[in-house]
Amino acid sequence: MNSKCHCVELNDGHFIPVLGFGTAIPSEFPKSKAKKLTKIAIDAGFRHFDSASVYNTEDHVGEAIKSKFADGTVRRKDIFYTSKLWCTSHHPELVRSSLEQSLKKLQLDFVDLYLIHYPMALKPGKENFPVDEHGKLLFDIVDLCATWERCRTNQVHRGSNFNRRQLEKILNKPGLKHKPVCNQVECHLYLNQMKLLDFCKSKDIVLVAYGVLGTQRYGGWVDQNSPVLLDEPVLSSMAKKYSQTPALIALRYQLQRGIVVLNTSLKEERIKENMQVFEFQLSSEDMKVLDGLNRNMRYISGNIFEGHPNFPFSDEY
């Protein structure tokens, strides 16, 4: 990690800030809240923003970023922006238009990172989650490598929620010119992704983690009976030892593993607090203790996609 700018270098020579701000807003809040939170995050020091077309917040996030350009807080080169290709746009001919729709909402000329949100294609159309008369998702079959190649010709070439087998499919593609630079997956103390992390490091692929604090309790996506990660006794004890919050311990753990972490909050004080993660370091002994909390437990199971040929979570990693 480059300690001066808190960035890591990707295998294509670009740099990504190791701490990112997520812009998905829980359904019980207005999407416009993303504008206020993004402004707060920029003022707090965040320079990496993670979003997706399916979040339906990119217009608000774009307005916030534009306002911070206007008041001189940041310039375009200071911001690292990630968007994602949704599952209904996996056909190669749909990739460019999907990217352009995001750019229009954002009022930006380019994004720094464009991910394939999930490696599972859904039937193209106006609905993000197309279903049949029985309410079952309408799957589609698209060559993942073909989608990948089209994403690459449109500036960027990364993946999201890929397992090892799917990464290897890209890496082993005949004539591959640009290898994956990162893979964004759920990763936290209860799902530390040790094997996938080791594999990614062996291929010079940066792991980007979402759900690092156990994720928000998104209805329909997260089991509401799942344990609250920040209530973990070991985490609370370690927070007292370092005079930090449990959230900061959980974030710091990932950073020291060489992982880029994404986090969001609906509270201004928490957003500002997250920047303190660079002010302390965990001992190697405590890192091993935190390693031991792993349960291989997902908060976001993606079970609505179960049965899809490219469902990534059935493999070990």
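The values are calculated or read from the model by the stated rules, or taken from the named source; none is laboratory data. Nothing here was measured: the structure is a model prediction, and the numbers come from that model. Methodologically, a virtual Cβ is constructed for each residue, glycine included, from the backbone with ideal geometry; neighbour enumeration extends over all protein chains shown.
Values computed for the structure shown
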{"item": "Residue match in the stretch 147-159 (condition: at pLDDT 95 or above and in a helix (DSSP H, G or I))", "result": "no"}
{"item": "Any chance Lys84 is of a type in the set (Lys, Arg), buried (at least 16 other Cβ atoms within 10 Å of the Cβ) and under 23 Å from Leu262 (Cβ atoms)", "result": "yes"}
{"item": "Residue within the stretch 8-26 that is more than 19 Å from Asn274 (Cβ to Cβ) and buried (at least 21 other Cβ atoms within 10 Å of the Cβ) present", "result": "no"}
{"item": "Selection from the stretch 120-145 of residues that are in contact with a strand residue (DSSP E or B) (Cβ under 9 Å, 6 or more places away or on another chain) and charged (D, E, K, R)", "result": "Lys123, Asp140"}
{"item": "Subset of the stretch 119-149 (residues that are under 28 Å from Val206 (Cβ atoms) and in contact with a Ser or Thr (Cβ under 7 Å, 6 or more places away or on another chain))", "result": "Leu122, Asn128"}
{"item": "Enumeration of residues in the stretch 91-117 that are farther than 21 Å from Leu10 by Cα and of a type in the set (Ser, Thr, Tyr)", "result": "Ser97, Ser98, Ser102"}
